[in-house]
Amino acid sequence: MNKNLLSLADLSRKEIEDLISFAEKFINEDGSFKKESLFSDKTIANIFCEPSTRTKSSFEIAAKNLGCNVLDFDTESSSLQKGESIYETIDALSLMGVDLCVLRHSESVIHELAQYIPEMTFINGGEGSISHPTQGLLDLMTIIQHKKTPDDQNIVIVGDLDHSRVTASFLEGLNNFKIKSLTFSGHPDMCKSFQNHPQGKYEPDLDLAIEGSDVVMALRIQHERLAAEDIVDIDQYKYEYQINSERLAMANEAAILMHPGPVNLDIEISTMVYESDQSVIRQQIANGVAIRMAVLSQFLSG
Ligand code: CP
């Protein structure tokens, strides 16, 4: 396995399955997480140049569960605000003894940083609209918990696909599995790159897309990344693309509903389906801690 986790495309099916099995071992029977002081000599820094609740907090909890020292790097009060570059910032942290950096950034800077600061281990915590590998791992973990394997599943992804780093990493992960079908759905202005996609078909009519599906993944409308001309009418969006009880009933009876969060509740999905037995959205959040414990253990030992 590489020294850094930059992209899910860098991992084989076996490496993905091994990381997910490893993550399962960190979950106690009651759903709490094991606390093992395995890496008390390691320091990690969470550098989040874009907002985050789930990824940042779960990496911090995962690192503390493993006994790491955690530097909660506050970008707003750092010398990034004085014009220091992200390279100089992370190089300085490396010189201070930080072993591993979880980086979220709006641009694809992590690949060059990993090249130029080889002493540091880099974990991609979200790279613009490009990738979010640990989200992809926890999404696959959640599917495996409910369906045993992504193989032979009918999967639908609906929403703002063009801006979704979650989708990009999920597709890199799915590339390793023999899924039955993959359907992309959503407003055409949000799915421009998915209308002729090698991995799946685009079906703009969500009612047709969702019929017979086993896994339904809804995505957040990323207002912060949409150009003004692409902002859609929310009421029309809800009418055409909201996952509500009627729509979820068109999927297979045992279908699961996923969403990476944060959810724009009652826009992308209704409160009723969010709270339904078919929703595994809260389980995805919890799996985030376990998968990040596995990732940190693996890449700190590497
Ligand atoms: N899913 C996800 O990346 O959530 P956060 O932006 O809260 O980290």
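The values are calculated or read from the model by the stated rules, or taken from the named source; none is laboratory data. Since the model is a prediction, treat every value here as computed from it, not as a measurement. When we count neighbours, we look across all protein chains shown, and the Cβ atoms used for this are built from the backbone with ideal geometry, even at glycine. In case anyone asks, the SASA skips ligands and DNA or RNA and just uses the protein heavy atoms, side chains included. Shrake-Rupley method; radii C 1.70, N 1.55, O 1.52, S 1.80 Å.
If you check Gly200 against the conditions, is it more than 16 Å from the chain's Cα centre (by Cα) and open to solvent by 10 Å² or more (accessible area, probe 1.4 Å)? Yes, satisfied. Restricting the stretch 146-167 to residues that are assigned to a helix (DSSP H, G or I) and open to solvent by 10 Å² or more (accessible area, probe 1.4 Å) leaves a set whose member that is nearest to the ligand (Cβ to nearest atom) is Val166.
Do you know which residues across the stretch 66-88 are more than 30 Å from Ala23 (Cβ to Cβ) and either among the polar types (S, T, N, Q) or outside the structural domain of Phe26 (by TED's automatic domain parsing) (or both)?
So the first thing to find is which residues in the stretch 66-88 are more than 30 Å from Ala23 (Cβ to Cβ), and the list is 76-85, 87-88.
Once the filter is applied, which keeps residues that are more than 30 Å from Ala23 (Cβ to Cβ) and either among the polar types (S, T, N, Q) or outside the structural domain of Phe26 (by TED's automatic domain parsing) (or both), the stretch 66-88 yields Ser77, Ser78, Ser79, Gln81, Ser85.
Any residue that is surrounded by fewer than 19 Cβ atoms within 10 Å (Cβ to Cβ), free of Cβ contacts under 8 Å to residues at least 24 places away in the same chain, within 22 Å of Asn244 (Cα to Cα) and out of contact with any Asp or Glu (no Cβ under 8 Å at 6 or more places or on another chain) - is there at least one of those in the stretch 207-215? First the steps, then the outcome.
Quick first cut of the stretch 207-215, residues surrounded by fewer than 19 Cβ atoms within 10 Å (Cβ to Cβ) only: 207-208, 211-212.
Then keep just the ones that are free of Cβ contacts under 8 Å to residues at least 24 places away in the same chain; that gives 208.
From the residues that got through so far, the ones that are within 22 Å of Asn244 (Cα to Cα) too are 208.
Cutting the leftovers down to out of contact with any Asp or Glu (no Cβ under 8 Å at 6 or more places or on another chain) gives us 208.
So far as the stretch 207-215 goes, yes, one or more of its residues are surrounded by fewer than 19 Cβ atoms within 10 Å (Cβ to Cβ), free of Cβ contacts under 8 Å to residues at least 24 places away in the same chain, within 22 Å of Asn244 (Cα to Cα) and out of contact with any Asp or Glu (no Cβ under 8 Å at 6 or more places or on another chain).
Just one of the listed residues (Ile20, Ile27) is touching a strand residue (DSSP E or B) at 6+ places or on another chain (Cβ under 7 Å) and surrounded by 14 or more Cβ atoms within 10 Å (Cβ to Cβ), and it is Ile27.
Do we have Ser37 as part of a loop (DSSP other than H, G, I, E, B), open to solvent by 30 Å² or more (accessible area, probe 1.4 Å) and within 16 Å of the ligand (Cβ to nearest atom) here? Against the criterion (part of a loop (DSSP other than H, G, I, E, B), open to solvent by 30 Å² or more (accessible area, probe 1.4 Å) and within 16 Å of the ligand (Cβ to nearest atom)), Ser37 does not qualify.
Taking the stretch 43-145 and the helices (runs of 4 or more DSSP H) fully enclosed by it, the elements with 2 or more residues that are free of Cβ contacts under 8 Å to residues at least 60 places away in the same chain and either open to solvent by less than 40 Å² (accessible area, probe 1.4 Å) or within 16 Å of the ligand (Cβ to nearest atom) (or both) are at 54-65, 86-95.
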